[in-house]
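Let me begin by presenting the structure, written as structure tokens, before commenting on it.
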Amino acid sequence: MKSWILAACLAALPSLTFAGPIERACLQSDRAAASRALCACIQGVADTSLRRNEQRRTAQFFADPQLAQDTRQSNRTSDERLWQRWRDFASLADRRCG
């Protein structure tokens, strides 16, 4: 009985509850092309291309393009590595989901 109630409660939650950070950011962005299917595809690519902490950090790029620019222009080695991984991810997401 308890498992049935739990299942019913989980089904009532919005799907964003189970979405990854990139998918949530994509869905919450003001981009006209953002759809559940597209954002889920992009999240799938992120799951194979970016570490979880990188996903959380780069998800912020959707809402704050200046953060993306600052990361791209940063002289920190860690930011340079992150930016390269982000570019690789974006290129792969474009090919698979675009």
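What follows is calculated from the coordinates using simple rules that are stated; it is not laboratory data. What you are looking at is a predicted structure, and each value in this text was computed from that prediction instead of being measured. Heads up, the Cβs are rebuilt from the backbone with ideal geometry, glycines too, and the neighbour counts pull from every protein chain shown.
Quick notes on this structure:
- Cβ-defined net charge surrounding Gly44, 10 Å radius [Lys, Arg +1; Asp, Glu -1]: -1
- Over the range 19-97: Kirkwood hydrodynamic radius from C-alpha pairwise inverse distances, Å: 12.6
- Order of Ile42, Ile22 under a 10 Å beta carbon neighbour criterion, fewest first: Ile42, Ile22
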